[in-house]
Ligand code: BV8
């Protein structure tokens, strides 16, 4: 059985990573739509760097939770028949043991050089405008897909959705496109669809089935039901 799993901030919530749209979904008083845009970066690069530097630094203080671990267990069993597509820019899927993860909105632990286009693993701050290790130009920005920018790996994601027998959405509000449209695309290509979320998402009516509760409970239960 081919499965595509889409994850959002809700899968990392119980690890202590704030979500975007829950009550505390603000960083330093910023709305994510106000700082996660190329215009915001052009107008106030230092503020945007501080926003992402803080989130990158916070990665060391959080750990994968049972939901991340369960998906890694599922991948160990299904191999290439499972693809995890995440909207998250944290590294908790990987630290939970997953190896096939597509970060469609980029990653905190990566910097993108506006000079030469290189994507460089980056663990420190960018606010001091360090030179790109490849071209030497000081044009490193967060390697994150902002509103108005094109998500990464869309071709691979759409092919996987076309071939999927099952599409499972975990911990996402269904507020941002094109990720929010994946459920319909998968269903149009014959997949069954399942939502695992704390509360019904904006798109819950689009799913064949929806289960509501904490990801750290629902995801291991779902994986156990598949693996027996
Ligand atoms: C694009 C990276 C073209 C940055 C992010 C008008 C109509 C429709 C669309 C648009 C429109 N105007 C503009 C658009 C397009 C726009 C968009 O969708 N805007 C929205 C606001 C309307 N999209 C774009 O610009 C995208 N690009 O469209 O390019 C294109 C398209 C296709 C092909 C080629 C070209 C780029 C969007 C990417 C923006 N970057 N993140 C960063 O992280 O700082 S968005 C960010 O918010 C996340 O990445 C995520 O994608 C998004 C939504 O967040 P969620 O992960 O869902 O988190 P949220 O807090 O919202 O929800 C958490 C959920 O978890 C909740 O439901 C909660 O109940 C649940 N939960 C909480 N705790 C738990 C839990 N569940 C289980 N257990 C728990 N414990």
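Where a number appears in this text, it was derived from the coordinates with a stated rule and is not lab data. Owing to the predicted nature of the structure, the values given are computational and were not obtained by experimental measurement. Note: ideal-geometry Cβ built from the backbone for every residue, glycine included; neighbour counts use all protein chains shown.
When the chain is treated as a GNM, springs tying every alpha-carbon pair under 10 Å, which of 107, 75, 149 comes out with the largest mean-square fluctuation?
149
Quick check: the angle from helix 215-227's long axis to the longest principal axis of the chain, C-alpha only, nearest 10 degrees?
Result, in degrees: 50.
Calculate for the chain the 222 nm mean residue ellipticity that helices alone would give, adding -39,500 (n - 2.57) per DSSP H run of length 4 or more and normalising by residue count, nearest 500 deg cm²/dmol.
-9000 deg cm²/dmol
Mind listing the Cα extents of the stretch 127-228 along all three principal axes, in Å, largest one first?
Sorted largest first, the three principal extents are 52, 29, 28 Å.
Which residue, 205, 105, 68, tops the fluctuation ranking in a GNM of the chain built on C-alpha contacts under 10 Å?
205
Run the simple label-point estimate for residue 159 and residue 30 please: 7 Å along Cα→C-beta, distance reported in nm.
3.5
Would you mind checking the radius of gyration and Dmax of the chain based on alpha-carbon positions, in Å?
17.5, 53
Rounded to the nearest 10 degrees, what's the angle between the helix 66-78 long axis and the longest principal axis of the chain, both from Cα atoms, 0 to 90?
The helix 66-78 is inclined about 70 degrees to the chain.
Could you grab the relative contact order for the stretch 51-177? Cα pairs under 8 Å, six or more apart, rounded to a whole percent. All intermediate terms of the calculation are to be shown ahead of the outcome.
Numbers: 174 pairs, mean separation 26.6, N = 127.
RCO, the stretch 51-177: 21 percent.
Using Cα pairs closer than 8 Å and at least 6 residues apart in sequence, work out the relative contact order for the chain, in percent. Mind showing how you got there, number by number?
Details: 429 pairs, mean separation 53.3, N = 228.
Contact order relative to length: 23 percent.
Hey, with R₀ at 25 Å, roughly what FRET efficiency would residue 60 and residue 129 work out to, going by the Cβ-Cβ distance, to 0.05?
So the FRET efficiency works out to roughly 0.65.
Quick one: work out the % antiparallel among DSSP beta bridges in the stretch 1-140, nearest 5. Walk me through the numbers on the way to the answer.
Numbers: 5 of 13 bridges.
In the stretch 1-140, approximately 40 percent of DSSP beta bridges are antiparallel ones.
Regarding the stretch 1-106, what's the average projected area of the Cα-atom convex hull, expressed in nm²?
For the stretch 1-106, averaging the hull's shadow over all directions gives 7.0 nm².
Once both axes come from the Cα atoms, what is the angle between helix 45-58 and the longest principal axis of the chain, in degrees from 0 to 90, rounded to 10?
50
Taking the chain as a Gaussian network, where each spring joins two C-alpha atoms under 10 Å apart, which residue of 91, 188, 53 fluctuates the most?
Judging by the Gaussian network model, the answer is 188.
Give me the percent of Cα-Cα pairs in the stretch 59-133 that sit more than 13 Å apart, rounded to a whole number.
70
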